[in-house]
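FYI, it's all coordinate maths here, none of it is from the lab. None of the values given here were measured: they were computed from a predicted structure. Cβ placement follows ideal geometry from the backbone for every residue including glycine, while neighbour counts extend to all protein chains displayed.
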Amino acid sequence: MTFVVTENCIKCKFTDCVDVCPVDCFHEGPNFLVIDPDECIDCTLCEPECPANAIHSEDEVPPGQEQFIQLNAELAKIWPTITEVKEAAPDAEEWNGKPEKLQYLER
Ligand code: SF4
Ligand code: F3S
């Protein structure tokens, strides 16, 4: 089991999640974060911290978001670890809750 970052993180990237992870398993891309499934210990701490409600347990990923399970595993291998909170995207609030953001994912 692991936790998964889903679509609503894209273009928001609030990074509050990073602050609570005890095993530093978040990895950072240009406008999205992912969780390394091999490092996540299922502590659940990050899930309530995300202002975009983008983090879910692998078995509770919302319908239509299943592809993010694979995407987290894939991108975690490529992107560097992030261990400190940083400023969210400048227009993060504007993008919070917008549908179909996968098309904006930058790699
Ligand atoms: Fe880190 Fe815990 Fe969230 Fe897994 S569930 S990503 S270990 S904070
Ligand atoms: Fe993304 Fe939420 Fe973390 S928006 S960076 S998963 S706090």
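Got at least one residue in the range 88-107 being touching a Ser or Thr at 6+ places or on another chain (Cβ under 7 Å) and basic (Lys, Arg)?
Scanning the range 88-107 turns up no residue that is touching a Ser or Thr at 6+ places or on another chain (Cβ under 7 Å) and basic (Lys, Arg).
For the range 1-15, give me each residue that is surrounded by 15 or more Cβ atoms within 10 Å (Cβ to Cβ) and more than 7 Å from ligand 1 (Cβ to nearest atom).
Correct list: Val4, Val5, Thr6, Glu7, Asn8, Cys9, Ile10, Lys11, Cys12, Lys13, Phe14, Thr15.
Which ones in the range 30-42 are surrounded by fewer than 19 Cβ atoms within 10 Å (Cβ to Cβ), within 6 Å of ligand 1 (Cβ to nearest atom) and either aliphatic (A, V, I, L, M) or more than 11 Å from Thr2 (Cβ to Cβ) (or both)?
Ile41
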